[in-house]
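The values are calculated or read from the model by the stated rules, or taken from the named source; none is laboratory data. These numbers were taken from a predicted model, which means no experiment stands behind them. In this analysis, Cβ positions are derived from the backbone assuming ideal geometry, glycine residues included, and neighbour counts consider all displayed protein chains.
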Amino acid sequence: MECVVQGIIETQLDVPVLRKVHAVPFVGPVASEVRLLCDLEHSEPTWTVKHIGGAMRGAGADQISVLVRSMIESKASKNVLRLFYGLGYKLENELLRVGFAFHFQRGAQITVTVSSINKMLKLHATDEAVPVTPGIQLVEVTAPATPENYSEVVAAVSSFCEYLAPLLHLSKPGISTGVVPTAAAAAASLMSDGGGTTL
Amino acid sequence: MPTKWVLHWHPNPGSTVNSQILNEVSQCAEAINGVKDGRWKATLTLLKPNLREDQSQPGEYPRELLGISLPEQPNKYYFILRGPRIVTEADSSIQVIMEKLQSYKSRIALYFEGYQYQLGDFQLRVGKVVSSHSENLRGIVLEVEYLPISSMEKASQVLGEFVDIWQEAVLKRSLPGSFMHNEPNLSEYGLGDNYTPQHTAVQYAYVMAQLFASQSTQAVRN
């Protein structure tokens, strides 16, 4: 299970690469979808199989500003792509995410990723990827949760989003937000603050 | 990592495996000074594609997917597709993912379980084979593991000599069958000389194939 919100920022500076993830959603029989993620950061790529399940529904879910959904991950050996092809799965599309990941402990284990999303013009050609939205980066805030503690995690993520409000709007995936007009000024203010203000 | 051979009991034509043979084999392990060291269990699951009638195009989906859990890797799970010779290692959570995906369903599971024995640099595992569908004994497996060496090539002679000693001990009991070691072509699965749990998983896949083949032959004879 995980809690997640997304937003976008406009990039002003060149951001050095810390993480590249090649995401490959596969579609198989019974209309089942699975994602294969290849972490390209290190010399030896590592693969993860990820299943994102249905989001929590109902009046309670509508009232909270954070998406709560089931999510299961499994590390796998590097031939997992061949395995899923062999199982009859078809590659739907593939994306390259390039950016940073930050980790915070604020009432929950929160991960913030800031990434440019790139599409590949040729199959598996990560060196020839082009940005889907040039100058715009996707910000994702996620935190793992269990059925027992998801309320606390939702509260922690919501509270964290409020801290980030001067810089970006964050909302449930699928709900578009737009950039904060004063984000550049807010960022400059934070950076000129002698590093004294920390999130 | 040690190297391992997985052998299976091959009944003589006209005979079947039974619990008395299993007892005799276990006594063999102790007769050659094996020290009983605890229990072990491996599970092999046969999964089939979960297709609608209009989806069953020949060749598009494999007939079966094998899933294997091994006692020495409790947090891992292994998938094998025999046709394209693929063996994949994943975290145990991959089983939950596959259940959620519902694209492949478990049809039958084989349980390999019994006692393990230490003999100097060797570890022996004697196990009965039972299926999820019935308590009847389906077969007997024997794992022979040589602990000091991880190179299959280098360990081959030592393992071969040990298995010869084992076969002689079993022969003395005049049992209606013998242990066989049909080593699959592991290099076709992309596996090298350095032994890994994937090597074990592929050997178990082939043992399963041998067990089902010999039981089909038996059924035809009967």
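Can you tell me which residue in the stretch A:66-98 is nearest to residue A:44 (Cα to Cα), limited to those that are charged (D, E, K, R) and more than 8 Å from every other protein chain (Cβ to nearest Cβ)?
Residue satisfying both the conditions and the ranking: A:78.
Just one of B:62, B:84, B:49, B:11 is within 18 Å of the chain's Cα centre (by Cα), surrounded by fewer than 21 Cβ atoms within 10 Å (Cβ to Cβ) and not charged (D, E, K, R); which is it?
B:11
Note down all Cβ pairs under 8 Å where the first residue falls in the stretch A:142-171 and is aromatic (Phe, Trp, Tyr), the second is in a strand (DSSP E or B), and they're at least six residues apart or on different chains.
Once the first residue is aromatic (Phe, Trp, Tyr) and sits in the stretch A:142-171, its partners that are in a strand (DSSP E or B) give A:150/A:3; A:150/A:68; A:160/A:104; A:160/A:110; A:160/A:141.
State whether the residues of the stretch B:21-43 include one that is at pLDDT 90 or above, under 19 Å from residue B:106 (Cα atoms), aliphatic (A, V, I, L, M) and crowded, with 21+ Cβ neighbours inside 10 Å.
Scanning the stretch B:21-43, I find at least one residue that is at pLDDT 90 or above, under 19 Å from residue B:106 (Cα atoms), aliphatic (A, V, I, L, M) and crowded, with 21+ Cβ neighbours inside 10 Å, so the answer is yes.
Scan the stretch B:123-140 for residues that are of a type outside the set (Gly, Ala, Ser) and within 16 Å of residue B:38 (Cα to Cα) and jot them down.
Result: B:123, B:124, B:125, B:126, B:128.
Mind checking which residues of the stretch A:45-65 are within 9 Å of chain B (Cβ to nearest Cβ) and charged (D, E, K, R)?
Result: A:50, single match.
When you look at residue B:17, is it surrounded by fewer than 15 Cβ atoms within 10 Å (Cβ to Cβ), aliphatic (A, V, I, L, M) and more than 14 Å from every other protein chain (Cβ to nearest Cβ), yes or no?
Answer is no for this residue.
For residues that are closer than 21 Å to residue B:94 by Cβ and among the charged types (D, E, K, R), scanning just the stretch B:44-81, find the one that is modelled with the highest pLDDT.
Among residues in the stretch B:44-81 that are closer than 21 Å to residue B:94 by Cβ and among the charged types (D, E, K, R), the one modelled with the highest pLDDT is B:76.
If we scan the stretch A:149-164, do we find a residue that is within 14 Å of chain B (Cβ to nearest Cβ) and modelled with pLDDT of 85 or more?
no
Hand me the list of strands (runs of 3 or more DSSP E) wholly inside the stretch A:42-135 holding 2 or more residues that are surrounded by 19 or more Cβ atoms within 10 Å (Cβ to Cβ) and in contact with a strand residue (DSSP E or B) (Cβ under 9 Å, 6 or more places away or on another chain).
A:46-55, A:67-76, A:95-105, A:109-120
Please name all residue pairs, on different chains or six or more residues apart, with Cβ atoms under 7 Å, provided the first residue is in the stretch B:62-84 and is more than 18 Å from residue A:49 (Cα to Cα) and facing chain A (nearest Cβ under 8 Å) and the second residue is buried (at least 22 other Cβ atoms within 10 Å of the Cβ) and not hydroxyl-bearing (Ser, Thr, Tyr).
B:62/A:87
Go through B:12, B:50, B:18, B:75 for me and flag whichever is over 24 Å from residue B:187 (Cα atoms) and in contact with a Pro (Cβ under 6 Å, 6 or more places away or on another chain).
The unique qualifying residue is B:12.
Counting just the residues of the stretch A:81-129 that are of a type in the set (Lys, Arg) and at pLDDT below 90, which one comes out nearest to residue B:85 (Cα to Cα)?
Looking at the filtered set, the residue picked out is A:90.
If a residue has to be more than 18 Å from residue A:168 (Cβ to Cβ), in contact with a Lys or Arg (Cβ under 8 Å, 6 or more places away or on another chain) and among the hydrophobic types (A, V, I, L, M, F, W, C) to count, how many in the stretch A:87-131 make the cut?
The number of residues fulfilling the criteria is 5.
Which members of the stretch A:28-41 meet the condition of being within 12 Å of chain B (Cβ to nearest Cβ) and either in contact (Cβ under 8 Å) with a residue 12 or more places away in the chain or outside any loop (DSSP other than H, G, I, E, B) (or both)?
If the condition is that a residue be within 12 Å of chain B (Cβ to nearest Cβ) and either in contact (Cβ under 8 Å) with a residue 12 or more places away in the chain or outside any loop (DSSP other than H, G, I, E, B) (or both), then A:28, A:29, A:30, A:31, A:33, A:34, A:35, A:36 are the ones that fit.
State all residues of the stretch B:21-42 that are more than 21 Å from the chain's Cα centre (by Cα) and either within 14 Å of another protein chain (Cβ to nearest Cβ) or assigned to a strand (DSSP E or B) (or both); if no residue qualifies, say none.
B:35
Do we find a residue being aliphatic (A, V, I, L, M) and away from chain A (no Cβ under 11 Å) anywhere in the stretch B:43-57?
yes
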